[in-house]
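Peer 1: The structure follows.
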Amino acid sequence: MPNKQLESIIENVEKVIYGKKQSAEFLLIALLCQSHVLIEDVPGVGKTSLVSALAKSVDCSFRRIQFTPDLMPSDITGFSVYNQKTGEFDYHEGQVMASFVLADEINRASPKTQSALLEAMEEAPVTVDGITHRLPRPFMVMATQNPIEYVGTYPLPEAQIDRFLMRVALGYPNKTQEAHILKQYQAVNPLHALTPVFNGHAIAEAQRRVHDVFVDELIRQYIVALSTFTRNHGAASLGVSPRGSLSLCHAAQACALYNDRSYVLPDDVKLMAVPVLSHRVILKQEARLKNVTAVSVIREALERVPAPVAQL
C-alpha cells in the first residue's frame, strides 16, 4: 500500500490530470530521488498540466520556462548588472531559481541554452561571472518535448538526455477517461483551485529516507544483469551505462518508500526499468528500420533476465 502522506500528493494531482496516476507516481518518485524527468509526448495530452499540478501540490516555488530559439543562457541562469550607486555588480536571478522548473518544449531552444539548464541540473549551483549561487531545495526540472515535430527543433544529445532520471510518456486517455476530463473542465480549470498538501521540508525528509531503503545484493546483481543485457543486445549500438544502473537502483528505492516499505523488491526494479532505462539505449540504424524500439529492448531484458527469488 502506498505511503498515505505521499499518496496525498498523487490524489491532489488527479484532481487536475485524470487517468494518469502511474505517470504522476513516476514524477513523484523522481522528486524523491532528487532527479529530473523528461516528458515526451504529442501536444494536448496533459504534459504541462501534470507538471503544474505536481508543483502546486507541494508548497514550493515554481517557474515555467517556454523554450524558444531566441531564449538565451542568461535567461536561464541569470546575469549581473553594474550598480553605479554601490560600484558593485548586482545579480539578477534567472528562471532556474525555483524548486520546480517546467522547461516547456526544451528541444526548441539552441544547444547552448539547453546546456545552461542541463548544467544546473547536474551541478546544482549556478555560477555567473565567477560567483556561485545556490539553487533552492528541493530542486527538480521537468522538461517536455514533442517527439513527432522536428521542424525548428534542436534534439537533445544522448549525453544530455542521460541526465534525466526518467523519460515518461502519457499517451491518449481512453473513452471513459476523456469523457471524465470533459466534465471535469466544463466549468473551470481545476488547476486554478488546487492547493498544496505537502511542503518543502517534508519532501526533503522523504528524500533523505530514500537512501535508508535496504537493497539486497541479489537486487543489485539483478540491476547489473539488466544493464549488461542491453549492452550485449544485437539491436543496440549503446547500452545502459553504469549511471543508468545507479539511477535504476535509486528509483527502485524511492518506489519502495512510496509503497511504504523499507526494502526493495524485484517488482520495484521491474516497474521502474522502462522509464529509467529506455532513453539510455541507443539503437542501431538497421534496428530502427525494423521498428525495434528501446522500450522493446528493455522489456525483452525483463523477460529473459531471471529475477531473484527469496531464499527460504
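Peer 1: I want to confirm something. Restricting to segment 181-217 and keeping residues that are surrounded by 14 or more Cβ atoms within 10 Å (Cβ to Cβ) and more than 25 Å from the chain's Cα centre (by Cα), which single residue is nearest to residue 268 (Cα to Cα)?
Peer 2: The selected residue is 216.
Peer 1: A further question follows. Which residues, counting only those in segment 136-189, are part of a helix (DSSP H, G or I) and either touching a helix residue (DSSP H, G or I) at 6+ places or on another chain (Cβ under 7 Å) or closer than 19 Å to residue 281 by Cα (or both)?
Peer 2: Answer for segment 136-189, where residues must be part of a helix (DSSP H, G or I) and either touching a helix residue (DSSP H, G or I) at 6+ places or on another chain (Cβ under 7 Å) or closer than 19 Å to residue 281 by Cα (or both): 158, 159, 160, 161, 184.
Peer 1: May I ask you to verify whether residue 263 is in contact with a helix residue (DSSP H, G or I) (Cβ under 7 Å, 6 or more places away or on another chain) and surrounded by fewer than 16 Cβ atoms within 10 Å (Cβ to Cβ)?
Peer 2: Criteria met by residue 263.
Peer 1: Restricting the search to segment 1-47, which residues are assigned to a helix (DSSP H, G or I), within 26 Å of residue 244 (Cα to Cα) and touching a residue at least 24 places away in the same chain (Cβ under 8 Å)?
Peer 2: 6, 23, 24, 25, 26, 27, 28, 29, 30, 31, 32, 47
Peer 1: For segment 56-74, indicate whether the set of residues that are farther than 23 Å from residue 157 by Cβ, in a loop (DSSP other than H, G, I, E, B) and free of Cβ contacts under 8 Å to residues at least 60 places away in the same chain is non-empty.
Peer 2: no
Peer 1: Take segment 1-28 and flag every residue that is of a type in the set (Lys, Arg) and more than 11 Å from residue 57 (Cα to Cα).
Peer 2: Result: 4, 20, 21.
Peer 1: Now a separate question. Give the number of residues within segment 14-55 that are of a type in the set (D, E, K, R) and in contact with a strand residue (DSSP E or B) (Cβ under 7 Å, 6 or more places away or on another chain).
Peer 2: 2
Peer 1: Is there a residue in segment 272-286 that is free of Cβ contacts under 8 Å to residues at least 60 places away in the same chain, more than 30 Å from residue 53 (Cβ to Cβ) and among the basic types (Lys, Arg)?
Peer 2: Checked segment 272-286: at least one residue is free of Cβ contacts under 8 Å to residues at least 60 places away in the same chain, more than 30 Å from residue 53 (Cβ to Cβ) and among the basic types (Lys, Arg).
Peer 1: Exactly one of these conditions fails for residue 110: (1) of a type in the set (Gly, Ala, Ser); (2) within 23 Å of residue 54 (Cα to Cα); (3) in the same structural domain as residue 34 (by TED's automatic domain parsing). Give me its number.
Peer 2: Residue 110 satisfies all of (1) of a type in the set (Gly, Ala, Ser); (2) within 23 Å of residue 54 (Cα to Cα); (3) in the same structural domain as residue 34 (by TED's automatic domain parsing) except (2).
Every residue, every condition in (1) of a type outside the set (A, V, I, L, M, F, W, C); (2) under 22 Å from residue 53 (Cα atoms); (3) more than 18 Å from the chain's Cα centre (by Cα); (4) modelled with pLDDT under 80, yes or no:
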position	(1), (2), (3), (4)
125	yes, no, yes, yes
128	no, no, yes, yes
139	no, yes, no, no
173	yes, yes, yes, no
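Peer 1: A follow-up question, please. I'd like to verify a number: residues in segment 99-120 that are modelled with pLDDT of 85 or more and under 13 Å from residue 133 (Cβ atoms), how many?
Peer 2: Number of matching residues: 0.
Yes/no matrix, rows are residues, columns are (1) under 16 Å from the mean Cα position of the chain (by Cα); (2) crowded, with 21+ Cβ neighbours inside 10 Å; (3) within 23 Å of residue 178 (Cα to Cα):
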position: 17; (1), (2), (3): no, yes, yes
position: 20; (1), (2), (3): yes, yes, yes
position: 32; (1), (2), (3): yes, yes, no
position: 37; (1), (2), (3): yes, yes, no
position: 45; (1), (2), (3): no, no, yes
position: 50; (1), (2), (3): yes, yes, yes
position: 59; (1), (2), (3): no, no, no
position: 62; (1), (2), (3): yes, no, no
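Peer 1: How many residues does segment 215-272 hold that are part of a loop (DSSP other than H, G, I, E, B), under 21 Å from residue 30 (Cβ atoms) and in contact with a Lys or Arg (Cβ under 6 Å, 6 or more places away or on another chain)?
Peer 2: Total meeting the criteria: 1.
Peer 1: Of the residues 248, 156, which single one is at pLDDT 85 or above and among the aliphatic types (A, V, I, L, M)?
Peer 2: The match here is 248.
The values are calculated or read from the model by the stated rules, or taken from the named source; none is laboratory data. Only a predicted model underlies this, so the values are computations on that prediction, with no experimental measurement involved. Cβ atoms come from the backbone with ideal geometry, glycine included; neighbour counts cover every protein chain shown.
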